[in-house]
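Derivation of every value follows stated rules applied to the coordinates shown; laboratory data play no part. Only a predicted model underlies this, so the values are computations on that prediction, with no experimental measurement involved. Methodologically, a virtual Cβ is constructed for each residue, glycine included, from the backbone with ideal geometry; neighbour enumeration extends over all protein chains shown.
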């Protein structure tokens with residue numbers, strides 16, 4: 001298990017404690033820059049979440065508006081995509097595939 005996988009499995013309270021410890025070790029004069037980084041990170045995460053929700057809603061609206069034959073074809077493609085995704089051997093490959101899917105803008109399934 002690599003370091004980042006280990007970090008994701010640790011309890012949230014431990015991660016928060018580690019974060020606070022790291023912040024305490026930052027020199028006072030660097031606190032404004034750290035605060036700016038944290039705010040930018042939070043904003044980017046919110047933007048990514050909103051974008052994912054928007055893309056999902058657009059895809060669902062397109063699916064609902066399509067005729068029954070197109071809908072069935074799209075559902076079959078989606079089913080095949082997820083089945084092939086489940087067949088991937090490594091968790092890392094699945095994560096990379098998911099990142100590619102999330103980053104695709106304007107792509108209809």
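Residue 29 to residue 76: FRET efficiency via 1/(1 + (r/R0)^6), r the Cβ-Cβ distance, R0 41 Å, to the nearest 0.05? Don't skip to the end; give the middle numbers.
Working: r = 59 Å, r/R0 = 1.44.
E between residue 29 and residue 76, to the nearest 0.05, is 0.10.
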Pulled fully out, how much extra length does the chain show between residue 9 and residue 85, if you take 0.36 nm times their separation in residues and subtract their Cα-Cα distance?
25.1 nm
Report the label-to-label distance for residue 44 and residue 17 in nanometres (one decimal), using points 7 Å from each Cα along the Cα→Cβ vector.
2.9 nm
